[in-house]
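Trainee: Okay, here's the structure, questions in a sec.
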Amino acid sequence: MEARCLINGRLIDPRRGLDGLGGVWLEEGRIKAVFAGPAPAAIPAGVPRIDLGGRWLVPGLIDIHVHLREPGDEHKETIASGALAAAAGGFTAVACMPNTRPVNDCEAVTALIMARAQGAATRIYPVGAISRGSDGESLAPFGEMRRGGAVAVSDDGRPVGNSQLMRRALEYAGNHDLLVISHPEESSLSHHGAMNEGALATRLGLRGIPRVAEEIMVYRDLALAEYTGRPIHIAHVSTREAVDLIRRAKARGGRVTAETAPHYFTLTEEAVGDYDTRAKMNPPLRTADDLAAIRQGLADGTLDAIATDHAPHSALEKEVEFDLAANGIIGLETSVPLTLALVREGVISPARMIELLAANPARILGVSGGTLQEEAPADLTVIDPELSFTYQAETVVSKSRNSPFLGWDLQGRAVLTILAGRATFEAPGQTLWR
């Protein structure tokens, strides 16, 4: 594999405290050296130099929460197409949720996912199911899934309603070095809801999902994690009280991490507009007050990661009545520009952005990456924070198009994604990799 030297980039690596001009020398798919300032004389003259012109050079981004739909729903997304969409968004690794068909609840399915991920444009980390079939009745075989390659367990898409089962999941997952990821939803409260409960839902004639449906389960799972002494990760946080519950648990020393998604700090329930199913998701878009709390949680460290919850659906599932439409939006290709908006507004710093999108996801999942480390695989992302583009359906890399951000003028994007020293994506109009 040809060596290359990326120079004149803004190195941002919060783990190593780096934020300044420098570069990275790549050789044989690994990071040979990380340097501040100009390229050192030790780099052979024949190694091609790629001048980044001040663009950000950061550890490869990691998405802790995506849905790749394979096996079973390949018309929406495949492992290969989802990995390409991830690379287009600047991600070098993703963790894929188990709500496939069949559910990833055994070593055979986990191993199938790992086999099909060979040669993909990103690293794929499977998340196994907590319960068999994600039906909430009995634990899935954690040890088997771990042997197959799983890094965590979750019934994401469905809550674990049985508290005793969730307790046992926390206890047994720790024995197999697996993280438990909570889908916080009290289904008896959210049942048949289509959007956030409130005046707008009433005016639209839609059944609402109350915020307490999320908050009750966040409280329960934090309590169980504290009782068992095991770590827990709270997925797709969307309400003010959920943020406050996590903040208080951390203050008590709880072993809790949490994520939110770009749509929860960018959009409110008003995005539903005239029954736009592209804005239908679970948990639903909330109020401006909740959005402000999510932003504050990202700024003060209460929320540890930004995950896309990339949930591709075809027109068959979305171009129907709002009540009947599937929940979820694609997000891999818009995460970076939407998060950069927080940087421009002064909500978070560039270093905090990379912490949320790379360093912390690697730490939470217990996987490699998240930092620019010599001799580590050369997984890198180059971001141009100034580059403007219009997000259009015809340029979407994912197989699905269900995004409320279609037609938006966005600023900033990943322009080059490098996996193990190999370019897996270069933005249109860019000629950096040569």
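Trainee: Using unit Cβ charges (K, R positive; D, E negative) and no other charged atoms, how large, in debye to the nearest 20, is the dipole of the stretch 38-90 about its Cα centre? Write out the running numbers ahead of the final one.
Mentor: Numbers: 4 positive and 6 negative charges, 62 e Å.
Its charge dipole is roughly 300 debye.
Trainee: Label-point separation (nm) for residue 292 and residue 394, each offset 7 Å from Cα along Cα-to-Cβ?
Mentor: It works out to 4.2 nm between the two label points.
Trainee: In debye, nearest 20: dipole of the stretch 255-386 around its Cα centre with unit charges on the Cβ of K, R (+) and D, E (-)?
Mentor: Dipole about the Cα centre, nearest 20: 320 debye.
Trainee: OK, next. Residues of the stretch 273-296 with amide nitrogen under 20 Å from the 7 Å Cα-to-Cβ point of residue 324?
Mentor: Taking a point 7 Å out along Cα→Cβ of residue 324, the residues of the stretch 273-296 whose backbone N falls under 20 Å are 274-282.
Trainee: Also, I was wondering about something else. Consider just the alpha-carbon atoms of the stretch 159-226 and return their Rg together with their Dmax, both in angstrom.
Mentor: Rg and Dmax of the stretch 159-226, Cα atoms, are 14.9, 50 Å.
Trainee: Still on this structure, I have one more. Towards the positive end of the charge dipole of the stretch 183-332, with charges on Cβ (+1 Lys, Arg; -1 Asp, Glu), say which of 206, 287, 223 has the farthest Cα.
Mentor: 223
Trainee: Just to be sure I understand the model, the point goes 7 Å from the Cα along the line to the Cβ. What's the resulting residue 16 to residue 248 distance in nm?
Mentor: So the two model labels end up 4.1 nm from each other.
Trainee: Could you work out which residue, out of 171, 77, 321, moves most in a Gaussian network model of the chain, that is, has the largest mean-square fluctuation with Cα springs under 10 Å?
Mentor: 321
Trainee: What residue among 177, 289, 221 shows peak mean-square fluctuation when the chain is described by a Gaussian network model with Cα springs under 10 Å?
Mentor: 289
Trainee: Now for a different question. Suppose every K and R has +1 on its Cβ and every D and E has -1 on its Cβ; what is the size of the dipole of the stretch 59-365 about the Cα centre, in Debye to the nearest 20?
Mentor: Charge dipole of the stretch 59-365: 760 debye, to the nearest 20.
Trainee: Residue by residue, what Karplus-based ³J(HN,Hα) values in Hz, rounded to whole numbers, does the stretch 318-328 have, using 6.51, -1.76 and 1.60 with θ = phi - 60° and x for Gly and Pro?
Mentor: 10, 8, 9, 4, 4, 4, 8, 5, 5, 7, x
Trainee: Here's another thing I want to ask about it. Could you tell me the extents of the chain's C-alpha atoms along the three principal axes, largest first, rounded to whole Å?
Mentor: Principal axes ranked by extent give 66, 48, 43 Å for the Cα atoms.
Trainee: Pairs of lysines 8 or more apart, or on different chains, with alpha carbons under 29 Å: count those in the chain, would you?
Mentor: 6
Trainee: Simple spin-label model, 7 Å along Cα-to-Cβ: residue 408 to residue 271 in nm?
Mentor: In this crude spin-label approximation the distance works out to 0.6 nm.
Trainee: Over what distance in Å are the Cα centres of the stretch 322-389 and the stretch 157-219 separated?
Mentor: Each part's Cα centre sits 25 Å from the other's.
Only the coordinates and a few stated rules stand behind these numbers; no lab work does. Every value quoted in this text rests on a predicted model; they were computed, and no experiment measured them. No Cβ is skipped: glycine too gets one built from the backbone with ideal geometry, and neighbour counts run over all protein chains shown.
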